[in-house]
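One structure below.
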Amino acid sequence: MVVCGRESGMHVRSWAHIPSKETKIAMTATMTKSLEDYLEKIYVLITETSRARVRDVAEGLHVTMPSVNKAVSELKKLGLVRQEPYGDLELTSEGVRCATEILGRHKLLRRFLLRLGVSREVAEEDACRMEHILSAETYDRIRAYLGDEP
């Protein structure tokens, strides 16, 4: 299992404040921004189309299939993704948990930016960038500001 967070230089962030017993456990593995993007895309594809293929992820993220294969390999090592050779990508229960946390941060930030009057297109782009660097404190404050329950 892995704590859903990322390492950026000296800063390591985890999302242990989200009330999940598994994510509260201190783990050594962390997620990079790039891996978070791949995991989020796999989750969205499965949710929207009932399947995620390497080709679909590559098209959705505008990257090459070898890049997706490399990321999938890392996500497998972290215990977040399963894939039979040449088969569809599947998320483990921990993969689903991490992906929903990432997507939740994205949606929260997008709503916040839209409320501030940012255009939909810019809000989407900025939320995608911001979701990876948002501190737990800021996340909680934005949730409270928007009236979301913890």
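Observations, loosely collected:
- Checking the Cα-Cα distances for Lys70/Lys107; Lys41/Lys107; Lys33/Lys77 against a 18 Å cut-off, the pairs over it are Lys70/Lys107.
- Ordering of 69-75, 84-90, 37-43 by burial proxy (mean other Cβ atoms within 10 Å per residue, highest first): 37-43, 69-75, 84-90
- The alpha carbon gyration tensor of the range 104-145 gives principal lengths a ≥ b ≥ c with a/c of 1.5 or higher and a/b no greater than b/c, which makes the shape oblate.
None of the figures in this text is laboratory data; all of them are computed from the coordinates on show. This structure is a prediction, so every number in the text was calculated from the model and none was measured. Cβ sites come from the backbone with ideal geometry, for glycine too, and all protein chains shown count toward neighbours.
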